[in-house]
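Trainee: Starting off with a structure, shown below.
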Amino acid sequence: MALRVLAPLLALLALLAWGATVLVNTTTRAWFERDVSLRARLVASGARDALVSRALRGDRHRLAPILQDIERDDRVLAAAACSEGMTTLARTRALPPRFACEPLAGRALAAGGDLDLSEQDGGALLHVAVVPLEHEGRTAAHLIVVHDLSFVARREGAMRRFTLGVFAVVALLASAATILVRRFTWRRWTEEIRRVLGRGRGSLLGAGSPRAFAPLVSDLRAMIAELAAEQGAALAGQWTPERLHRVLTDSLDGDSVVIVANREPYIHDRGADGAVRIRHPASGLVTALEPVMRACSGVWIAHGSGSADRDVVDRRDRVRVPPGEESYAIRRVWLSEEEERGYYYGFANEGLWPLCHLVYTRPVFRADDFRHYETVNRRFAEAVCAEVAGPDPVILVQDYHFALAPRMIRDRLPRATVIGFWHIPWPNAERLGVCPWKRELLEGMLGASIVGFHTREHCNNFLDAVDRFLEARLDRERTSVVVGGRECLVRPYPISIEWPDRWAAAAPPVEECRRAVRAELGLAPDALLGVGVDRLDYTKGIEDRLLAVERLLERFPAHRGKFTFVQLAAPSRSLIPEYRDLGVRAEALAARINARFGGPGWTPVVLRASHHEPPEVFRHLRAADVCYVSSLHDGMNLVAKEFVAARDDERGVLVLSRFTGAARELGEALLVNPYDVEEASLALAAALSMPATEQAARMRALRAQVAEFNVYRWAGRMLTDAARLRRHERLSARLQSGPRPLDETPGSGGLVAR
Ligand code: G6P
C-alpha cells in the first residue's frame, strides 16, 4: 500500500524538481547573457573615442594596448577591433579564430553591425558581442568583446545539485510520512495533536497534566506564530516600519529598544545669532539607525556634542525627537574634554579606525586613551541600565566606540538581548594582533547575544581572531562562539537605508534640482555634473577621486569645458592631524587641477569643505549625471544607496569602489578600483556617455535591490535571530533546571516561569 501511494508521489516530485531546474537555469542564463551584453556595450562606449580615432588613422599598433586594457576585466576572454567592413585591425591573442572579424562579418553585417551570440567553444560557453562604433553618424569601426560564461554553467551545475538534494530530502520525508500515515490513521493523528496542544481534557495544559511541560508548549506556539507572521510578511513582500515593529512586539515581547551609539541623530547647536538650530550629522550610522528608531521607539543614548545640547534636555538629560514627531528620546551622556580626547579622538579614531580600515594609515595606541575608552564605555553601560524598563530589554550597541559595553551590560542585565553591530570592516587576526587590548575588545563584544558585521568576510575575520586570541568554543556551522556557557552568534547583516527615503521623497523634482545646482555653480544648463559626498576622511579616497577627474580631462579632451565635479566634504574629526592634513591636500589638489584645466567660465573641480544638511545633499545627488564613491575601504557606504534612492527618474550613473560593502550588492554600478586612476577615469568617461536606456536599466535594477534590502529588513533580520536565540536560551535553561512552579499571568498570553 505504501509503495502504491509513494510511486506516483515520487514521480510527481521528480517532475517538479526537473521543471524547477530548467526554469531557474533558463532565467539565470538569460539574465547573465543580458548582463555581459550590457557590459560589452559599456566597455565599447568607454573606449569608443580612442578606438575610432586610431582606427580611422589606421594606427593598428596603438589599438592593441586598448584591447589589452579591455581584456584585463576578469570575465573578458578576448577582444578585437574591426574595420567598418569587418576586417581585422587588431586583436588580442586569446581570441578564438571563429570569433575574429572576418568569420563574423556575414552575421554581424546582416544584423546591422550589432550582434550578440552565445556559443560553446572547446567545452567553454562564450558570449560574443559585436558592437558598432559610431563616428559622425556612421559606423566607423566595430569592437568584438568575448566574455567567458563558463561560470554560468558552473552555477547551473550547483543549482541542479541543490534541486536534486532538495528533491531527495522531500522524497525521504514523503516516504516517512506515508509510512506513519499507514501506522496511525489520520483521525488518530489529529486526536493525538489536539490532546497534546489543546486545552481540553487530557491536554498538557489541562488540569491533570504535568505543568512543567507548559513552557515547551508555549514556546512551540510562539514559534508557530512567528513562522506564520514571517510567512505572512514574506507574502506581503516589503519590509516596512510596521513590520519591523511587529517583530519587536510579537517575537521579543518588547515595545521599544535602547540604542547605544556615540553620534546622536539630532544635534542642537547655538548659532552666532543666539538661536538654537538642529543639525543632522554626516554619519552613515545615523542615516541607517534613525529610521529604525522611529519605527521601534525607545531611547537613543549618545554623546551630547552640540553647543546647545544641554539647554534643551530635561532633568534626566533627555530630549524627545524628531522635532514635531517626538516618537523617541535621545538620552545625552556628557563627556569632559579629556574623556572625549582619549575615548573618541584617541582610542576610537586614532587607534581602532585606522586598525580596521586597510588604507595604510598607522594606528596609534596609548594606554591613557584606552583607560578613557573603558571609562566611557562603563558610563554608557550604566546609562543603559538606568533607561531599561525590565530584566530582558532589547539593546542595540553600535560600532567601534563601544566594543567593551556589551559585556558590561551583560554583567548587570544577564537576561538582556544585546545586539552589537560593527559598522566598519573587521581586520584579519594578524592585523588585529598589533592592538595591545585585542583580548579586552573581543571579550567585551562577546558579551552580546549577536555580533553583526556587514559581510561574511568580516565575520570570518572576527571568528579567526577569537580562535587565535581567546579560550572559547567556536561553532563554525552556526557561526557562533560559546563563552562562559553562553552562545554569541556572529552573523553578516548588510546595512541599508530607509525605503522610501524621506529626504528623496521631500526633494524638489529632478529637473528643478538640475537647473538650480547648475545655476549655483555658474554652469551651462547642459553641463555634465559629477558629484561626491563624504566626510573629509582619508578612507574615502577623495584625493584618488580628484585624480581620476584630472585623468578624465587629460584622456578625453572633449569633456574639458563641459564637465564639472562637485565634492561635498563635511569636515570631520579635525583635531586629528591626518584629517587636517587631508583637508589641506584636497584643497591644493583641487586648485592644481583647476589651474591646469580651468578657464574663464569653467571650473573643473568644486570642493565644498563644509557641513551640508540632507536636503542640500539630495539636491546634488538628483542633479548629477554621475556619482563617484571612491572609498579605499568602507564597511558599507550608504551614500551609494542614497544616490540610488535619490534617482526616481532612473537616470544618473553610480561609479562605485569595489572596496565598499555596497559593491557586493550594487552590481549594476560601474565597479572600479579607486587606486587605479586609469580604470576610474575610463569608468567616469563611460558613465558620461552612457545612453539613457542603459542608465535606466541599471538604475531600475539598483533601485529594486535597495528597496528590497532596506534598513527595516536589516534590523528585522537581527531581531528575528535574536528572538530565536532568546527562545532557545530560555528553553535550555528550563530543561537544565527541571520542572519549576509556574504562574499564569493574565493578559500575558501564556505561562511564565518564576
Ligand atoms: C562612520 C562610523 C560612525 C560615525 C560616522 C561619522 O560611519 O561608522 O560610527 O558616526 O563615521 O563619524 P563621526 O566621528 O563624526 O561620528
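The values are calculated or read from the model by the stated rules, or taken from the named source; none is laboratory data. It should be emphasised that the depicted structure is a prediction, and the values quoted were computed from it without experimental measurement. All Cβ positions, glycine included, derive from the backbone under ideal geometry; neighbour counts span all protein chains shown. Just so you know, the surface numbers come from the protein's heavy atoms only, side chains and all, with ligands and any DNA or RNA stripped out. Shrake-Rupley method; radii C 1.70, N 1.55, O 1.52, S 1.80 Å.
Trainee: Residues that are within 15 Å of the ligand (Cβ to nearest atom) and within 26 Å of the chain's Cα centre (by Cα): does segment 305-319 have at least one? Don't jump to the end; show me each part of the working.
Mentor: Here is the first cut: in segment 305-319, the ones within 15 Å of the ligand (Cβ to nearest atom) are 305-306, 309.
Then keep just the ones that are within 26 Å of the chain's Cα centre (by Cα); that gives none.
No, segment 305-319 contains no residue that is within 15 Å of the ligand (Cβ to nearest atom) and within 26 Å of the chain's Cα centre (by Cα).
Trainee: Out of (1) among the charged types (D, E, K, R); (2) over 20 Å from residue 349 (Cα atoms); (3) within 16 Å of the ligand (Cβ to nearest atom), the odd one out for residue 537 is which?
Mentor: Here residue 537 meets the rest and fails (2).
Trainee: Let me ask something else about it. Answer yes or no as to whether residue 391 is at negative phi, at pLDDT below 95 and either within 15 Å of the ligand (Cβ to nearest atom) or not β-branched (Val, Ile, Thr) (or both). Let's see the steps before the verdict.
Mentor: Details: at negative phi: yes; at pLDDT below 95: yes; either within 15 Å of the ligand (Cβ to nearest atom) or not β-branched (Val, Ile, Thr) (or both): yes.
So residue 391 passes the test.
Trainee: Do we have any residue at all in segment 442-462 that's more than 16 Å from the ligand (Cβ to nearest atom), free of Cβ contacts under 8 Å to residues at least 12 places away in the same chain and in a helix (DSSP H, G or I)?
Mentor: Within segment 442-462, one or more residues are more than 16 Å from the ligand (Cβ to nearest atom), free of Cβ contacts under 8 Å to residues at least 12 places away in the same chain and in a helix (DSSP H, G or I).
Trainee: If only one of 560, 573 is more than 16 Å from the ligand (Cβ to nearest atom) and basic (Lys, Arg), which one is it? I'd like the intermediate steps shown before the answer.
Mentor: Working: 573 fails: more than 16 Å from the ligand (Cβ to nearest atom).
Among 560, 573, only 560 is more than 16 Å from the ligand (Cβ to nearest atom) and basic (Lys, Arg).
Trainee: Of all residues in segment 525-553, how many are open to solvent by 30 Å² or more (accessible area, probe 1.4 Å) and free of Cβ contacts under 8 Å to residues at least 40 places away in the same chain?
Mentor: Going through segment 525-553 one residue at a time, the tally reaches 2.
Trainee: Here's something else I'd like to know. Free of Cβ contacts under 8 Å to residues at least 24 places away in the same chain and under 25 Å from residue 537 (Cα atoms) - does that describe any residue in segment 301-317? Give the steps one after another, and end with the answer.
Mentor: Narrowing segment 301-317 to residues free of Cβ contacts under 8 Å to residues at least 24 places away in the same chain: 313-317.
Okay, now just the ones that are also under 25 Å from residue 537 (Cα atoms), so none.
Within segment 301-317, none of the residues are free of Cβ contacts under 8 Å to residues at least 24 places away in the same chain and under 25 Å from residue 537 (Cα atoms).
Trainee: Taking the residues in segment 48-69 that are under 19 Å from residue 115 (Cα atoms) and either crowded, with 22+ Cβ neighbours inside 10 Å or hydroxyl-bearing (Ser, Thr, Tyr) (or both) as candidates, determine which candidate is farthest from the chain's Cα centre (by Cα).
Mentor: Pass one, segment 48-69, residues under 19 Å from residue 115 (Cα atoms): 48, 51-52, 67.
With either crowded, with 22+ Cβ neighbours inside 10 Å or hydroxyl-bearing (Ser, Thr, Tyr) (or both) added as a condition, the list becomes 51, 67.
Numbers: 51: 37, 67: 33 Å.
Applying the filter and picking the extreme gives 51.
Trainee: On to the next question. Could you count how many residues in segment 487-511 are more than 13 Å from residue 646 (Cβ to Cβ) and surrounded by fewer than 14 Cβ atoms within 10 Å (Cβ to Cβ)?
Mentor: Within segment 487-511, residues that are more than 13 Å from residue 646 (Cβ to Cβ) and surrounded by fewer than 14 Cβ atoms within 10 Å (Cβ to Cβ) number 1.
Trainee: On the basis of being more than 26 Å from residue 426 (Cβ to Cβ), in contact with a strand residue (DSSP E or B) (Cβ under 8 Å, 6 or more places away or on another chain) and not aliphatic (A, V, I, L, M), does residue 703 make the cut? Give the derivation first.
Mentor: Working: more than 26 Å from residue 426 (Cβ to Cβ): yes; in contact with a strand residue (DSSP E or B) (Cβ under 8 Å, 6 or more places away or on another chain): no; not aliphatic (A, V, I, L, M): yes.
In short, no.
Trainee: Quick check, is residue 648 within 16 Å of the ligand (Cβ to nearest atom) and either of a type in the set (D, E, K, R) or at negative phi (or both)? Before the answer, list the steps.
Mentor: On the way: within 16 Å of the ligand (Cβ to nearest atom): no; either of a type in the set (D, E, K, R) or at negative phi (or both): yes.
So residue 648 fails the test.
Trainee: When the residues of segment 270-316 are narrowed to those that are farther than 29 Å from residue 244 by Cα and hydroxyl-bearing (Ser, Thr, Tyr), which ends up most open to solvent (accessible area, probe 1.4 Å)?
Mentor: In this case the residue turns out to be 307.
Trainee: Does segment 462-485 contain any residue that is open to solvent by 20 Å² or more (accessible area, probe 1.4 Å), within 18 Å of residue 420 (Cβ to Cβ) and in contact with a Ser or Thr (Cβ under 6 Å, 6 or more places away or on another chain)?
Mentor: no
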